């Protein structure tokens, strides 16, 4: 009886080995490689040489002939819509306007006089109509004289940069003679040439991102948007021109003709943009019911928790996840079979 009591006392002092093992497991953080979920993993990338282009480039010219007396703009100068670009000598056009004004006033007086005579039946209706035509012609001549005088000033049709001065001040210019070349730089456009094989295979919906780097801004990247593309292949290079664009904000040092390195990332076949995320295949585990899950890592307490996911077909070293994860989530990417819910881990990266 005494021996039985001693044995019972020894059993009470002996710890449960399973509980002890679980306690040790949770007390000592297990090393783990942590992967941050992103929408950029698994994307295919192609790089292209690009060149900055203006939205439009126009040669500004006068609609009337004359002698240049003002050409205040300089090359590379930024101008706003409506700014004065150049001006002609207005002497002849001022004289023409005065003459047209006098002729129109005289024609109006004659018309009023004949109208009174017609009402008194002194003259015929046809005589009155003839003078009415003379008056109408005089009014049109006055309008043309005013318009010609306005045409002696050449103003910027849009905000832009003066690329080249094509005429010198105090020279006589004819109608249509280019005075300056003006670039529309309301936004930064970049042209790239894409081989016909890639041009016909990749659709706009498959493009994940387009970014550019410029020598003037070092390693800084700028996102680009699609604008348009040529519908005819270049007969020499067998490429298609694609025009991309970005806002001019924070990129005032970019001008037409500068070079760019354009990076285009697009989705591999079978992966839909915005609906699936690629994670390492080694991060996916399967529970006893055959349901896939990952171990989601919490930076706050350093522990992992089981997170069910919906997966697709393996794509190389990665597996697409359509539900259960968001961009920015952190998951364990290796050794998932040795983890348990609530276990503390020590990230290796």
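The values are calculated or read from the model by the stated rules, or taken from the named source; none is laboratory data. On a predicted model such as this, the values are computed, not experimentally measured, just so you know. Backbone-built Cβ (ideal geometry, glycine too); neighbour counts: all protein chains shown.
The lone criterion from (1) loosely packed, with under 15 Cβ neighbours inside 10 Å; (2) out of contact with any strand residue (DSSP E or B) (no Cβ under 6 Å at 6 or more places or on another chain); (3) closer than 27 Å to residue 179 by Cβ left unmet by residue 78 is number (2).
Just to be sure before I move on: is residue 35 in contact with a strand residue (DSSP E or B) (Cβ under 7 Å, 6 or more places away or on another chain) and modelled with pLDDT of 90 or more in the structure I sent? The answer is no for residue 35.
Among the residues of region 11-27, some residue qualifies, meaning at least one is at pLDDT below 60, loosely packed, with under 14 Cβ neighbours inside 10 Å and more than 30 Å from residue 344 (Cβ to Cβ). Taken over region 312-326, the criterion of being crowded, with 16+ Cβ neighbours inside 10 Å and either in contact (Cβ under 8 Å) with a residue 40 or more places away in the chain or part of a strand (DSSP E or B) (or both) is satisfied by 315, 318, 319, 320, 321, 325.
Could we say that residue 72 is surrounded by fewer than 13 Cβ atoms within 10 Å (Cβ to Cβ), touching a residue at least 24 places away in the same chain (Cβ under 8 Å) and in contact with a strand residue (DSSP E or B) (Cβ under 8 Å, 6 or more places away or on another chain) here? Taking the combined requirement at face value, the residue does not satisfy it.
Please tell me if residue 300 is in contact (Cβ under 8 Å) with a residue 24 or more places away in the chain, part of a loop (DSSP other than H, G, I, E, B), over 30 Å from residue 188 (Cβ atoms) and not assigned by TED's automatic domain parsing to the domain that holds residue 207.
No, not satisfied.
Counting only residues that are surrounded by 15 or more Cβ atoms within 10 Å (Cβ to Cβ) and free of Cβ contacts under 8 Å to residues at least 40 places away in the same chain, region 81-107 holds 4 of them. Looking at region 249-260 only, could you name the residues that are out of contact with any helix residue (DSSP H, G or I) (no Cβ under 8 Å at 6 or more places or on another chain) and exposed (fewer than 13 other Cβ atoms within 10 Å of the Cβ)? Those that are out of contact with any helix residue (DSSP H, G or I) (no Cβ under 8 Å at 6 or more places or on another chain) and exposed (fewer than 13 other Cβ atoms within 10 Å of the Cβ): 249, 250, 252, 257.
Looking at 121, 126, which one is in a helix (DSSP H, G or I), exposed (fewer than 13 other Cβ atoms within 10 Å of the Cβ) and modelled with pLDDT under 95? Just a single option satisfies the conditions, and that option is 126.
Entry remark, region 205-251: residues being more than 13 Å from residue 48 (Cβ to Cβ), under 14 Å from the mean Cα position of the chain (by Cα) and not in a strand (DSSP E or B) number 4 in total.
Identify the residue in region 284-311 that is loosely packed, with under 14 Cβ neighbours inside 10 Å and within 39 Å of the chain's Cα centre (by Cα) and, among all such residues, is farthest from residue 344 (Cα to Cα). So, considering only residues that are loosely packed, with under 14 Cβ neighbours inside 10 Å and within 39 Å of the chain's Cα centre (by Cα), the one farthest from residue 344 (Cα to Cα) is 310.
Only one of the numbered conditions (1) farther than 20 Å from residue 82 by Cα; (2) buried (at least 16 other Cβ atoms within 10 Å of the Cβ); (3) under 20 Å from the mean Cα position of the chain (by Cα) is violated by residue 173, and that is (3).
Quick grid of which residues meet (1) free of Cβ contacts under 8 Å to residues at least 60 places away in the same chain; (2) crowded, with 16+ Cβ neighbours inside 10 Å:
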{"site": "166", "(1), (2)": "no, no"}
{"site": "189", "(1), (2)": "no, yes"}
{"site": "192", "(1), (2)": "no, yes"}
{"site": "216", "(1), (2)": "yes, no"}
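Considering region 327-344, and only residues there that are more than 15 Å from residue 298 (Cβ to Cβ) and surrounded by fewer than 18 Cβ atoms within 10 Å (Cβ to Cβ), the residue that is nearest to the chain's Cα centre (by Cα) turns out to be 327.
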